[in-house]
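The values are calculated or read from the model by the stated rules, or taken from the named source; none is laboratory data. Bear in mind that the values here come from a model prediction, so they are computed numbers and not experimental data. Every residue, glycine as well, gets a Cβ built from its backbone with ideal geometry; the counts of neighbours run over all protein chains shown.
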Amino acid sequence: MKNILAAVDLSTNTDELIAQATKLAKSLGGKLWIIHVASDETKTMVYESTQFTGFTPEFTSIPGDVQLARTLCAEEYKREHQQLLGMSDRVRQAGVEAQAMLVKGDAAALILEKAEDLGIDIIVLGSRGHGLLHKALLGSVSEAVIRNALCNVMLIPWVAK
């Protein structure tokens, strides 16, 4: 049995990526692991909501900023988790064993780490195709995975919708 890891960003192209990964898993008699790496926005939001407290009294009297930031992040993680559970349910309905996971942190590093931990044979991920300037300035999750993966990588090009 082949282990396949589909890395999704929950964009409009995610359904196509899951469809391709499901076909691949079905044809190989494999298990499909679906991973979404959420960014750690809580730290940024908490920092932004507390950085002005030393300037004027009006900024220190805003109640609940930090808690609000944490609550919003928790709600977003819950929503993303529900989306992943729905995806894995649909894959199982198509006759493929599936497991979804939501992790938080650096996308490329965590995709590679989970691929190694799970004994993944093929990583399936999308490519936005922003071009050379974007890649040079910001890097690319798909490029980092391709360069560092210890297994095969299947790249699904994103189609503008």
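For the range 64-105, a residue qualifies if it is in a helix (DSSP H, G or I), without any contact (Cβ under 8 Å) to a residue 24 or more places away in the chain and more than 19 Å from K23 (Cβ to Cβ), and the qualifying residues are D65, V66, Q67, L68, T71, A74, E75, K78, R79, H81, Q82, L85.
Going through the range 5-32 one residue at a time, which ones are under 12 Å from the mean Cα position of the chain (by Cα) and either among the hydrophobic types (A, V, I, L, M, F, W, C) or surrounded by 14 or more Cβ atoms within 10 Å (Cβ to Cβ) (or both)? Write out each step before concluding.
Going through the range 5-32, the residues under 12 Å from the mean Cα position of the chain (by Cα) turn out to be 5-11, 14.
Listed by number, the residues that qualify are L5, A6, A7, V8, D9, L10, T14.
Among the residues of the range 100-120, just one is under 12 Å from G30 (Cβ atoms) and touching a helix residue (DSSP H, G or I) at 6+ places or on another chain (Cβ under 8 Å), namely I120. Can you confirm whether the range 38-56 contains a residue that is under 26 Å from N148 (Cβ atoms), modelled with pLDDT under 95, in a strand (DSSP E or B) and not charged (D, E, K, R)? Yes, the range 38-56 contains at least one residue that is under 26 Å from N148 (Cβ atoms), modelled with pLDDT under 95, in a strand (DSSP E or B) and not charged (D, E, K, R). Here the range 122-151 is the region considered, the condition is being exposed (fewer than 11 other Cβ atoms within 10 Å of the Cβ) and not in a loop (DSSP other than H, G, I, E, B), and the residue that is modelled with the highest pLDDT is L132.
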